[in-house]
Amino acid sequence: MPTQNALFGMGNPLLDISAVVDKDFLDKYGLKPNDQILAEEKHKALFEELVQKNKVEYHAGGSTQNSVKIAQWMIQQPHKVATFFGCIGKDHFGEILKQKAAEANVDAHYYEQSAEPTGTCAACITGDNRSLVANLAAANCYNKEKHLDLDKNWSLVEKARVYYIAGFFLTVSPESILKVAKHASDHNKTFGLNLSAPFISQFFKDPLMKVLPYVDVLFGNETVSEAMRKYTEDIEEIAKRVQNLPKVNKNRQRVVVFTQGSEDTVATVGDKVTRFPVVDIDQRDIVDTNGAGDAFVGGFLSELVQDKPLEQCIRAGHYAANTIIRRSGCTFPDKPDFQ
């Protein structure tokens, strides 16, 4: 049985605003059908148009928050196994986020400030594809000195045994990530990081390379591994190379896990690279792939925090992802039926 606050996540809390749109909408804002980008000036009107012209759904989101929320759902009891840190605004959307985190039984401790509004993420859905446009706003304002370093907050970091941060947070507070990663490494705890999106390894390579030596479990997906394919086409070879990059804590061999949508998940098991088939699903049962990657990580973490073997962690990840894609947004039924 996991203990309270055993799993720690830190990232960009966003209120997800999702709607089904058409190709014209994507074209108007220069969006690809399947992508993850940060909002620029030209996207400012997108959020208003989405809300005004479409039937939208609101969910507590942001990649890391999604994953810890799903881990908590998989675990069920006790509540508050998952802790989450991030920055929100003192506004209506911020209040909705706090309420949603509480409903998910996550122990969220937000840094609240009034300079920027709570961050939002538009999920523009066309068929099986989703184009995500994140307006980080308040999420960008996370302040290590004013939140992470405070004794009452740092004590929650110390309580955890497994840590997970999505690469998106490298654009916000790399110094916060490093402090947590070093703590995990120094105390032989497990630190997980997600490569998240191609732009992270392209434009935030320096902070990424500083954190990588502390990473015990590295997650990525097919679009992220594509960014590395200028070196080799072979995803297994990429996983191997990433596993062998320098590592501080020699007591734990790095585990690399690449999901590939409906294709096999590729993971390093010891010195080998193994393929794990995903759970079969009829295409007609897929409602929304938004959040599938976050769900996989959440399922994985729910078993990892209980010291289960890698194969079991991946099975739980596949189960969670398979559950999420049958529903709209990153939502789930009352209880999992994972064995």
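The values are calculated or read from the model by the stated rules, or taken from the named source; none is laboratory data. These numbers come from a predicted model, not from an experiment. All Cβ positions, even for glycine, are placed from backbone atoms using ideal geometry, and neighbour counts span all protein chains on display. To get the accessible areas, we keep the full protein, side chains included, count just its heavy atoms, and leave off ligands, DNA and RNA. Shrake-Rupley method; radii C 1.70, N 1.55, O 1.52, S 1.80 Å.
Of the residues Asp107, Asp91, the single one that is at negative phi and in contact (Cβ under 8 Å) with a residue 40 or more places away in the chain is Asp107. Looking only at segment 80-104, which residues are among the aliphatic types (A, V, I, L, M) and touching an Asp or Glu at 6+ places or on another chain (Cβ under 9 Å)? Once the filter is applied, which keeps residues that are among the aliphatic types (A, V, I, L, M) and touching an Asp or Glu at 6+ places or on another chain (Cβ under 9 Å), segment 80-104 yields Val81, Ala82, Ile88, Ala101. Scoring Arg241 on the criteria (1) open to solvent by 40 Å² or more (accessible area, probe 1.4 Å); (2) outside any loop (DSSP other than H, G, I, E, B); (3) touching a residue at least 60 places away in the same chain (Cβ under 8 Å); (4) not small (Gly, Ala, Ser) leaves a single failure, condition (3).
Can you find a residue that is open to solvent by 40 Å² or more (accessible area, probe 1.4 Å) and part of a loop (DSSP other than H, G, I, E, B) anywhere in segment 256-268? Checking segment 256-268: at least one residue is open to solvent by 40 Å² or more (accessible area, probe 1.4 Å) and part of a loop (DSSP other than H, G, I, E, B).
Residues of segment 16-35 that are surrounded by fewer than 21 Cβ atoms within 10 Å (Cβ to Cβ) and part of a strand (DSSP E or B): Ala19, Val20, Asp35. Residues in segment 269-299 that are under 25 Å from Asn244 (Cβ atoms), without any contact (Cβ under 8 Å) to a residue 60 or more places away in the chain and small (Gly, Ala, Ser): Gly270 only.
Of everything in segment 103-118, what is of a type in the set (Ser, Thr, Tyr) and out of contact with any Leu (no Cβ under 8 Å at 6 or more places or on another chain)? Give them in sequence order. Passing the criteria: Tyr111, Ser114.
Quick one: would you say Val224 is open to solvent by less than 60 Å² (accessible area, probe 1.4 Å), modelled with pLDDT under 90 and either of a type outside the set (Asp, Glu) or in a helix (DSSP H, G or I) (or both)?
Details: open to solvent by less than 60 Å² (accessible area, probe 1.4 Å): yes; modelled with pLDDT under 90: yes; either of a type outside the set (Asp, Glu) or in a helix (DSSP H, G or I) (or both): yes.
Considered against the rule, which asks whether it is open to solvent by less than 60 Å² (accessible area, probe 1.4 Å), modelled with pLDDT under 90 and either of a type outside the set (Asp, Glu) or in a helix (DSSP H, G or I) (or both), Val224 comes out as yes.
If only residues of segment 286-314 that are charged (D, E, K, R) and within 22 Å of Gln339 (Cα to Cα) are counted, the one that is most open to solvent (accessible area, probe 1.4 Å) is Asp307. Among the residues of segment 198-214, those that are touching a helix residue (DSSP H, G or I) at 6+ places or on another chain (Cβ under 7 Å), among the hydrophobic types (A, V, I, L, M, F, W, C) and either without any contact (Cβ under 8 Å) to a residue 24 or more places away in the chain or open to solvent by less than 30 Å² (accessible area, probe 1.4 Å) (or both) comprise Ile200, Leu208, Val211. Of the strands (runs of 3 or more DSSP E) contained entirely in segment 46-152, those carrying at least 2 residues that are under 16 Å from Leu14 (Cα atoms), touching a Gly at 6+ places or on another chain (Cβ under 9 Å) and open to solvent by 20 Å² or more (accessible area, probe 1.4 Å) fall at 57-61, 107-113.
Sort out which residues of segment 4-55 are under 14 Å from Asn129 (Cα atoms) and either among the acidic types (Asp, Glu) or free of Cβ contacts under 8 Å to residues at least 12 places away in the same chain (or both), and write them in order of number. Break it down into steps so the answer makes sense when it comes.
Our first condition is that a residue be under 14 Å from Asn129 (Cα atoms); within segment 4-55, this holds for 18-23, 25-26, 31-36.
Across segment 4-55, the qualifying residues are Asp22, Asp35.
In segment 168-180, the residues that are open to solvent by less than 30 Å² (accessible area, probe 1.4 Å) reach residues that are outside any helix (DSSP H, G or I) with C-beta atoms within less than 6 angstrom, at least six apart or across chains, in these pairs: Phe169/Gly11; Leu170/Phe204; Val172/Tyr142; Ser173/Tyr142; Ile177/Ile165; Val180/Tyr163.
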